[in-house]
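A short worksheet on the structure shown next.
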Amino acid sequence: MKLRRTAHAAALAVAVAALSACGGSSEDAATSDAVGWDAAEPCSLADDATLAPLLTAGAGAGEGTATDSPERRACTWGKPEALNTVTVTTTSAPEPVDPLRTIDVGGLEGRALAESKYQCILEVTTDAGTLSIETKFGLDATANPDTSCDRSVPLAEHALGQLKWA
């Protein structure tokens with residue numbers, strides 16, 4: 001009887017292994033696991049660690065505020081009155097403008113659509129949708145020498161990982 005159970009368990013293990021091998025490549029699985037832009041929860045795409053370098057100490061990350069519309073899903077952190085906010089947006093298509101420059105974002109091409117001492121708009125487009133990070137540096141712009149879109153790359157990489165777009 002014990003031999004029969006062992007043989008049955010072995011046969012079951014072989015069947016499970018064979019079925020899982022038929023599922024396709026891991027690349028197919030990664031693509032199917034990606035969150036569509038319209039199913040994304042932008043307020044879950046950032047955390048204190050990724051927001052801290054972009055918001056001044058006085059602004060603090062706090063809770064994000066969702067601002068969705070039919071064409072986009074967005075979440076904003078920071079204090080608008082201090083001109084220091086970070087907005088993470090997912091949408092179906094990139095903005096139809098030429099970038100100021102391109103930036104490597106986790107192996108993907110990021111587009112700096114706006115970049116100054118006071119603001120950055122960084123956009124990354126994948127098959128699943130477009131991620132946009134808009135940062136308004138506020139008073140930090142006068143104190144921090146690095147106010148380029150490069151500061152937004154870690155947040156973009158984190159969000160892309162959360163979405164499984166990378």
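The values are calculated or read from the model by the stated rules, or taken from the named source; none is laboratory data. Nothing here was measured: the structure is a model prediction, and the numbers come from that model. Ideal geometry is used to build each Cβ from the backbone, glycine not excepted, and the neighbour counts take in all protein chains shown. For the accessible areas, the whole protein counts, side chains as well, though only heavy atoms, and no ligand, DNA or RNA atoms are used. Shrake-Rupley method; radii C 1.70, N 1.55, O 1.52, S 1.80 Å.
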Report summary line: With all protein chains in place and a 1.4 Å probe, residue 157 shows an accessible area in Å² (nearest 10) of 80
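May I ask you to compute the full-extension gain from residue 38 to residue 116, defined as 0.36 nm times their residue separation minus their alpha-carbon distance, rounded to one decimal in nm?
Result: 25.1 nm gained on full extension.
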Report task. Please give every one of the aspartates and glutamates within straight-line cross-link reach of residue 136, meaning a C-alpha to C-alpha distance under 12 Å, and leave out same-chain neighbours fewer than 8 residues apart. Result -> 81, 115
Query raised in the report: In sequence order, what are the phi-derived ³J(HN,Hα) couplings for region 37-54 according to the Karplus relation 6.51 cos²θ - 1.76 cosθ + 1.60 with θ = phi - 60°, rounded to whole Hz, with x for glycine and proline?
Result: 4, 7, 9, 5, 10, x, 5, 9, 8, 9, 9, 4, 5, 7, 8, 3, x, 9
Query - Long-range HN-HN contacts of residue 84 with modeled amide H, under 5 Å - result: 79
Report summary line: Under the Karplus relation with 6.51, -1.76 and 1.60 and θ = phi - 60°, whole-Hz ³J(HN,Hα) for region 108-118, x at Gly and Pro, equal 9, 7, x, 10, 7, 8, 9, 7, 8, 4, 10
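With Cβ to Cβ distances under 14 Å as the rule, what net charge do the other residues near residue 62 carry (K, R +1; D, E -1)? Write out the running numbers ahead of the final one.
Details: positive: 79; negative: 47, 48, 63, 81.
Charge balance in the 14 Å sphere: -3.
Give me the net charge for the shell around residue 43: Cβ to Cβ below 12 angstrom, other residues only, Lys and Arg +1, Asp and Glu -1.
Working: positive: 73; negative: 41, 47, 63, 68.
Combined, the nearby Lys, Arg, Asp and Glu give -3.
On a full-extension model of 0.36 nm per residue, what is the gain between residue 68 and residue 109, subtracting their alpha-carbon distance, rounded to one decimal in nm?
Working: separation 41, 0.36 × 41 = 14.76 nm, distance 2.52 nm.
Between residue 68 and residue 109, full extension yields 12.2 nm more.
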